[in-house]
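As structure tokens, the structure follows; a few thoughts come after it.
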Amino acid sequence: MHLKKISLFNYKNFSEVNYEFVSKINCFVGKNGIGKTNALDAIYHLATGKSYFNPQAVQNIKHGEEFFVIDGEFEINDRNEQIVCSLKKGQKKVLKRNSKIYEKFSEHIGFIPLVIISPSDSDLIIEGSETRRKFMDGVISQLDSEYLKQLIQYQKIMSQRNALLKYFAVNYVFETDTLSIYNEQLDGYAGYLFEKRKEFINQFIPIFNKHHQAITGSEETVQLIYQSHLFDNNLLTLLEENITRDRALHYTSVGIHKDDLSFEIDHHPIKKFGSQGQQKSFLIALKLAQFEFIKNQCGLKPILLFDDIFDKLDEFRVAKIVEMVNSDTFGQLFISDTHPERTENIVKSTHQIYKIFNL
């Protein structure tokens, strides 16, 4: 599987540009602020239907313009597949596969497996639990459409339950029967999602540990721990036990929407006790494990986007990544970098076909 070519119209800082890619290594090089990351984000956009860096869809339209279009041609299992994503101000975003519009974007998730490694991944360590849940859900959803479907339903019903709790507070009323309906629905979805997340983490941890050891070459131990209220009890019981609290807060305080992943080094939070180098190694291992997990599950090598990571890595870690490219671990690779010579030296050492785009 690989991306053959892409055309961008009014996307971020691009007015109109066309790129044709090789099946192995493609590099965007140039100064900061020139659009290297935007080019990678356009590829991510085609795979997922959204930007990795800016969730406000309309802000991805070039300043002063009314619309954007991203048009890409992929080769997947020896078939050409055209994916087009477009947005016009004041209208809904449109995603098409071979000229057929998706009714739901969720139907497209997983069709083009992709992993991005970016400096912004540090949010996984420094931000709150929502960021880490999104990482976990993103990996599972690329491989399991039923999981994504049930997750969307859970979030929808939870929003309705929260709205009901606010209604109760504003109107000084309380209807146990109505709330019970939402509780039972949430419990049904939560049990399924909880089991799927446990299953994922159990399979993911050994892969993550292997990559962390390879990248660091050290003996330090790292831990990836799944935390959930549902380890204590089923959701129906938890909701009933916490109803007084929920009424006071006006939202649902327990459930799988509060799940988290604890990132630890030697049994201490890496956010507080890990050096910058240790945090960096943890994140790269996490993303390389994501790559391998998806590859093992779907039988395709995901497209891999390296956004400006050579600035953040020492020679040892770069050498490890080059080693993985040479071992044919990766499929198609996209790299952004500020140093053309450094990039060319790194990709030449892989002895793979490559193409460099100077922006």
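The values are calculated or read from the model by the stated rules, or taken from the named source; none is laboratory data. It should be emphasised that the depicted structure is a prediction, and the values quoted were computed from it without experimental measurement. Cβ placement follows ideal geometry from the backbone for every residue including glycine, while neighbour counts extend to all protein chains displayed.
Under 11 Å from the mean Cα position of the chain (by Cα), of a type in the set (D, E, K, R) and outside the structural domain of Gln276 (by TED's automatic domain parsing), is that true of Asp137? Taking the combined requirement at face value, the residue does not satisfy it. Among the residues of the range 94-138, those that are part of a helix (DSSP H, G or I) and buried (at least 18 other Cβ atoms within 10 Å of the Cβ) comprise Asp121, Leu124, Ile125, Arg132, Arg133, Met136, Asp137. Every condition in (1) assigned by TED's automatic domain parsing to the domain that holds Glu73; (2) assigned to a helix (DSSP H, G or I) holds for Leu165 except the one numbered (1).
If you filter the range 17-69 down to residues that are surrounded by fewer than 22 Cβ atoms within 10 Å (Cβ to Cβ) and among the aromatic types (Phe, Trp, Tyr), you find that the one that is nearest to Phe105 (Cα to Cα) is Tyr52.
I'm trying to understand the selection: among the residues of the range 222-249, which are of a type outside the set (Phe, Trp, Tyr) and within 21 Å of Phe204 (Cβ to Cβ)?
Val222, Gln223, Leu224, Ile225, Gln227, Ser228, His229, Leu230 - these are the residues of the range 222-249 that are of a type outside the set (Phe, Trp, Tyr) and within 21 Å of Phe204 (Cβ to Cβ).
Restricting to the range 144-203, and then to whatever is among the aromatic types (Phe, Trp, Tyr) and exposed (fewer than 15 other Cβ atoms within 10 Å of the Cβ), can you tell me which residue is modelled with the highest pLDDT?
The first filter runs over the range 144-203 and keeps only residues among the aromatic types (Phe, Trp, Tyr), leaving 147, 154, 167-168, 172, 174, 182, 189, 192, 194, 200.
Remaining after also requiring exposed (fewer than 15 other Cβ atoms within 10 Å of the Cβ): 167, 172, 174.
Values: Tyr167: 96, Tyr172: 93, Phe174: 93.
Top of the filtered list is Tyr167.
Residues in the range 74-93 that are touching a Ser or Thr at 6+ places or on another chain (Cβ under 9 Å) and either outside any strand (DSSP E or B) or under 21 Å from Gly331 (Cα atoms) (or both): Glu75, Gln82, Lys93.
Going through (1) of a type outside the set (D, E, K, R); (2) crowded, with 17+ Cβ neighbours inside 10 Å; (3) in contact with a Phe, Trp or Tyr (Cβ under 8 Å, 6 or more places away or on another chain); (4) assigned by TED's automatic domain parsing to the domain that holds Thr48 one by one, Val325 falls short only on (3). From the list Phe334, Phe291, Phe306, which one is over 20 Å from Lys36 (Cβ atoms), crowded, with 20+ Cβ neighbours inside 10 Å, at pLDDT 85 or above and among the hydrophobic types (A, V, I, L, M, F, W, C)? After applying the criteria, what remains is Phe291.
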